[in-house]
1. Give the calculated FRET efficiency between B:Arg123 and B:Lys580 to the nearest 0.05, with a Förster radius of 22 Å applied to their Cβ-Cβ distance.
2. Please find the FRET efficiency linking B:Asp709 to A:Lys390, where r is the Cβ-Cβ separation and R0 is fixed at 51 Å, and quote it to the nearest 0.05.
3. Listing B:Tyr492, B:Tyr143 from the residue with the fewest other Cβ atoms within 10 Å to the one with the most, what is the order?
4. Given R₀ = 25 Å, what would the calculated FRET efficiency be for B:Met740 paired with B:Arg513, taking r from the Cβ atoms and rounding to 0.05?
5. Across the residues of B:349-359, average count of Cβ atoms on other protein chains within 10 Å?
6. Considering only Cα-Cα distances, which of the following residue pairs are longer than 21 Å: A:Lys291/A:Lys390; B:Lys188/B:Lys244; B:Lys244/B:Lys743?
7. Report the label-to-label distance for B:Glu147 and B:Asp442 in nanometres (one decimal), using points 7 Å from each Cα along the Cα→Cβ vector.
8. How large is ³J(HN,Hα) for each residue in the range B:132-141, as worked out from phi by the Karplus curve 6.51 cos²θ - 1.76 cosθ + 1.60 (θ = phi - 60°), to whole Hz, x for Gly and Pro?
Amino acid sequence: MTSQSTESDGSKASASDSDPRPVTFRIARFTPRPQSERPARINPFAKSNPFAAAGSRRARGRRWTQEYTIRIAPQHTVLDALLQIKREADPTLNFRYSCGHGMCGSDAVLINGRPDLLCAATIADCLSASKTMLNAYASPGVAAGNPQVQQPSVFRRTGTAAAVTGVSSSAAHSNSDTEPSATNHSEASDPTDPSVPIEATGLTKTPDYAETSVVEIRPLPGFTPLRDLIVDTDAMFEQIRRFKPYLLHDDPSADSGQSHRESDQRQTHDSQLDPLAKAKAANTEPASEYKQTPEELARYELLSTCIACGLCQGACPIYAGGEAFAGPAAMIAAARFINDSRDSHRQERLEAIDQVDGIQACQSIRACTRPCPRGIDVGEEMWKLVEAVKE
Amino acid sequence: MNALILQQLTLTFRTAKGESWRQRTIAEDHAMTGNHPGFGVVMKCITHEPGVAWVTSQGGDLTVGGYLAARDPPDDLIHLLGEGKFGHKIYSARVSRHEPEGPPLSTGCDSINGMNPQKVRSRYDAVIVGAGAAGLSTALGLYRALESDGNRNDSSPKVLVVSKLQPLRSHTGSAEGGIAASLGNQEKDDWHWHYYDTIKGSDWLADQDAVRILAEQAPGIIIELEHDGVAFSRTEDRHIAQRKFGGHTADYGGHPVRRAAYAADRIGHQILHALWQQCLRLGVEFAEEWYVTDLVVDPPADEETGGHARGLIVLDTHAGKLQAIQADNIVLCTGGAGRLFHTTSNSWDLTGDGMALALQAGLQLEDVEFIQFHPTGLGHTGILLSEASRAEGGVLRNSQGRAFMQDYAPGHGDLAARDVVSRSIMAEIDAGRGVADPSDPDGPHDCVWLDMTGIDGQRMTALLPQVTETIHRYAHLDPTVDMVPVKPTAHYTMGGIPITDRGRVYRWQNGHRRIVDGLFAAGECSCVSVHGANRLGGNSLLDACLFGTRTGQTIAAAMTKADEPNDTTDTSPLTQALQKRQAFLDELLAGASNGESSEPALADDQDEASDSDDDATLNNPYALMGRLGRLMEEAVAVRCDQGSIEKGLRGLDQLETDAKQLHAHSETAVLNQEVTAIMEVDNLLTLARAVLNASLQRQESRGALYRSDYPQRDDEHYLAHTMIDAKEDVSWQPVHIVDMPPKGRNY
């Protein structure tokens, strides 16, 4: 976690395997232009066909790809590496991180084309996994190929600069003259650039991350980048919120014979703020927990461990592809309460998600399962929701 | 983030198959919703900057609504799901925009808006800083108390929760083991025993009236949390399951008792999420990723009063803009300060902001020299391995394989209080019986083994999934067969902002508590004090939830009473603070353009960069934080003496000099993490000085503070709370002894 401990961490692997070695981090960067500098935009009324300028209007600011080569042992995490870069090379690199051990869900990004947490991915993982990546993700990418969705798939790999530059869009890189000297590869390799309609052929061949020891890091797809690797998560939380992600237990008599909340409120009202009196009252008429068996708990326990990191959203071709879909994270949040025996609104919850942009939008691609850091089989849970809704 | 309200936009709709499309231009002049005659739609459109839009539209010949995909990178082409003339289809829409003149219009807080307020009011009834267990509990306590008050005004309370992280990112979510309460679900328990254990654990430095509240009301808090949705582990008879936890005993120091209610080993995650969920239910308003830079407190008018909190200066990190917020009630719930140390279980965000704000506002901190080191941090990462790992059967062993805790704490063994275990580990290491981290066999022998091989594999997976996963992932070991290297890791600050048991912040002046009007605190950043010199496991979540709730209730009561509009105070102190902070921010950002370019050209010597920890190479807050962590570790971690503390203070002088030179390396204020980090470093340095000076003043060993030059507890002189301010003035506040006179503390 603390990457100052570089020298002393390691794995059980042989010494040579755990020795620090040079690794290049190729990071998609973006600095938004300050609002005050933004000129007034074009007059919409003047545009007879707003589609004409497709791709010309992007988030305003400067985009570039920057490479950093540092020495780091392969058993360290990518977060360790980025923190080392912040400390030693470039304090302007921005990315979210907090707990450093996979609990807070802050640091979801795209690493070598794969949605992952910075603190969960080790350097060794990144360098070895890149070879197997394509098989794992190519199919979902293709499945996302709704012709109207001009976004390239999340999983579409670039790096094959030739394939990309062949269809390059000059507008996308109008700022390239301001890019720092650090970039030494084609700036056109922006795999998620919507203005670059990458063909599916881009999927077939990947570059050789393993040989060159390059780790490519980009913002999580499906989310708007705000600065460097920091994305806007509001949309995800709005969708989670939409399905009332909180326990609604209507029938207290079933358990304790008395509404805890009502009694609580009465007491608060009566004794205003005397917690001792409240506690005494509670002692005479003890409120009780809602009862639940270990088996009932097991039906939603894993679902309740979701940390809302958004990896499943970034992996979902429907969501990240830009379809109208609340997204797997919102579905999991809903499922957590649908399966909680204490909740009284299972039926309403099922109805709420049974919408065109709810569970109906899921095409059972199951790309959402693989990246889940909590081990939730998101795809399977989504399928269970589909079935539950049918009933 | 701030949503930018469009004043004009053009929407062009067409079906997914491109059958047809039509254009709508809506001029929005005063509000987000409303009928727009001539267009036949009711429309709401909010766009985030850059590029996300929310649109709902109904009526006319088209109904669209719902989610518009966020773009990477954003584009103006958006997809709407909706129903129109052309059937139930996915429509595409293109948004063209006009930038509004002047400030964005406000729609108030509408559920369709982003997670952040559309417009920050300049004045709130209450502002809660921090959104972990304490902050969210305060919000819930406040809302629920107002709800239950039949006479409350129909206007909803103006309450804002400001947090530097999205609430679910709070470090509460990393708490693993349990939350203590004498529910007695699995064996007989009594809150009096919990009361006693907590006081004994505190080494008799806790205020007993506060501990009494903690122990007595704990069961009610657990029930409330369960009703809020916490997925507690269950007994076969459907009750909340409980496990043993260090220092919790039956019958006043008898055998260990099952008192910690748990949810596998992720109780913190469960509590954090449940509290957040309930806040959503009640419509609590959040301002996420806002950083509070200043707390403005009027100085006391005389010796009888404690002053009055006026407001806050906050940095909206998304906009990169500062703002003054006036608030009748301010609650600091910012958590701990583990980042004072290099090896810590705390997240990178626990930089003691609230405590430093209090110091900088001229207030005192209480008992800050007491910092708990959790005995079982994983290897050199500091990541916490829950006490549950020992509660479920894990044993600490030295290099000879001996389960040494039986030597130090007979009868309690591996479940003795945390400070005892941490010191015992250090004693073993000092005696040459430590082990090296297997990943670095040639490194220092500064760990001991945690032996979990005696725990059945299935049981381990069921009860300690988080611990097991952490060991797998970060040590590459299998705890069912491998011994795991552990060492003490900075875990919890027992001290903090002094509060009454109602959550009110006070000054200790001439032997009296003088309330600071309008200022509250709860959770780890506060000091009630229920933890005294050492906190028992399972009591921190309890403290945060219980005293957070009480604080919310206190504020609700104050709000209902205070019908008369708050005195029209002079807001000039707030304005001045804003100007001062703005100048500071401008200077930081100006440094970027003066000095190095915003993106420093990477030098050729990158290969050497990784081991160039000699600091001077690049003066940035991240490197400085690392230096501070090492300094504090040498000065006061687990043990200290006058020499180590004074050396630390001298080192701090140098760090403070270097900190004054810090500036940003990018001039863009938006989401400039380095700017925040510079202010965090300032906070850490402020706090570090207080910690070192308080440690120096307390010439005894008690609880988590072990001074090797004063190894004994000294009740005659130091049965008192340290009250220290930024001027390093120390005064002593007597401990509230109610029921239990100080005794020896043997584990």
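Computed from the coordinates by the stated procedures, all read-outs in this text should not be read as laboratory data. Source: prediction; values computed, not measured. Cβ atoms come from the backbone with ideal geometry, glycine included; neighbour counts cover every protein chain shown.
1. Plugging the Cβ-Cβ distance into 1/(1 + (r/R0)^6) gives 0.60.
2. 0.10
3. Ascending Cβ contact count within 10 Å gives the list B:Tyr143, B:Tyr492.
4. So the FRET efficiency works out to roughly 0.70.
5. Partner-chain Cβ atoms within 10 Å, mean over residues of B:349-359: 1.
6. A:Lys291/A:Lys390; B:Lys244/B:Lys743
7. Here the answer is 6.2 nm between the modelled labels.
8. With coefficients 6.51, -1.76 and 1.60, one gets x, 4, 5, x, 5, 5, 4, 4, 5, x Hz.
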